[in-house]
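Here is the structure we will look at.
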Amino acid sequence: MTDISRVQPTQLTKPLSQTAYDSIRRKVISLELAPGTVIDESALREELQLGRTPIREALQRLALEQLVTIIPRRGMFVTEIRLTDLQRLFEIRVPFEAQAARLAAQRGTQAHWEEMRKTVEQMSLPGSGKLDNETLMAHDETCHQIMYAAADNPFLTDTLTNLYTLSLRLWYFALQDVQDVKGAVEQHAAIYEALRDGKDNKAAELVEKHIRHFQEEIQAVMLK
């Protein structure tokens with residue numbers, strides 16, 4: 001067994017391919033790399049100060065997650081955003097999220113719900129003023145991650161994490177025209193209570209309502 005006290009710091013650092021993945025993923029989700037943009041690997045290597053291999057591994061991984069499109073003999077592109085993507089994404093995300101809520105209510109622990117309680121409270125701290133949409137969405141993502149962890153099904157977690165990432169990119173696409181997501185995000189207070197109390201069907205119902213509200217907000221912007 002390795003004595004961790006003897007491991008050199010470089011052995012504990014994040015793999016270069018993961019560093020590249022995290023950075024490029026954030027650029028794609030936030031639309032810093034806009035839909036349809038040709039991906040310039042040389043520019044990414046220079047900007048991120050990383051070699052060809054970690055960049056290429058990160059892009060291959062993002063292609064599997066449908067954030068990057070690879071076209072043979074043409075190159076790599078940031079995947080386009082279309083209205084049909086919104087509809088097809090949410091028609092599978094809604095039932096999967098509802099199932100995660102049921103399982104989480106049945107399997108979650110006090111530690112999960114204490115962590116979610118703290119996150120929900122961050123959304124409306126007295127005297128904190130109005131939180132910006134990006135901060136609220138960060139709290140939203142944390143709540144979903146806690147629920148996925150509580151569901152204790154790694155296959156479902158992997159699927160929902162990918163679906164959430166794709167949904168988040170759609171939200172960034174609509175960001176400038178979404179007036180306020182506070183109401184939708186604060187639905188997590190009721191979701192938290194249902195999960196904590198083990199009310200699996202109620203939690204599933206509330207999560208489904210929350211996801212559909214989120215979908216309607218984005219769709220209203222995309223149809224303008």
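Descriptive notes on the structure:
- Residue within the range 130-137 that is crowded, with 16+ Cβ neighbours inside 10 Å and in a strand (DSSP E or B) present: no
- Among the residues of the range 35-57, the ones that are in a helix (DSSP H, G or I) and out of contact with any Ser or Thr (no Cβ under 6 Å at 6 or more places or on another chain) come to 11 in all.
- Scanning the range 59-69 for residues that are under 17 Å from the mean Cα position of the chain (by Cα) and not in a loop (DSSP other than H, G, I, E, B) yields Arg61, Leu62, Ala63, Leu64, Val68.
- Scope the range 70-114; condition over 21 Å from Leu33 (Cα atoms), of a type in the set (S, T, N, Q) and either modelled with pLDDT of 90 or more or in a loop (DSSP other than H, G, I, E, B) (or both); matching residues: Gln99, Gln106, Thr109, Gln110
- When Val28 is tested against the conditions (1) over 17 Å from the mean Cα position of the chain (by Cα); (2) touching a residue at least 40 places away in the same chain (Cβ under 8 Å), the lone failure is (1).
- Scanning the range 62-79 for residues that are touching a strand residue (DSSP E or B) at 6+ places or on another chain (Cβ under 9 Å), surrounded by 11 or more Cβ atoms within 10 Å (Cβ to Cβ) and not aromatic (Phe, Trp, Tyr) yields Leu62, Ala63, Leu67, Val68, Thr69, Ile70, Gly75, Met76, Val78, Thr79.
- In the range 14-34, the residues that are in a loop (DSSP other than H, G, I, E, B) and surrounded by fewer than 17 Cβ atoms within 10 Å (Cβ to Cβ): Lys14, Pro15, Ser30, Leu31, Glu32, Ala34
- Qualifying residues in the range 41-61 (those that are among the aliphatic types (A, V, I, L, M) and out of contact with any Phe, Trp or Tyr (no Cβ under 7 Å at 6 or more places or on another chain)) - the one farthest from Thr157 (Cα to Cα): Ala43
The values are calculated or read from the model by the stated rules, or taken from the named source; none is laboratory data. All figures in this text were calculated on a predicted structure; none of them were measured in a lab. Neighbour counts are summed over all protein chains in view; Cβ atoms, including those assigned to glycine, are modelled from backbone coordinates with ideal geometry.
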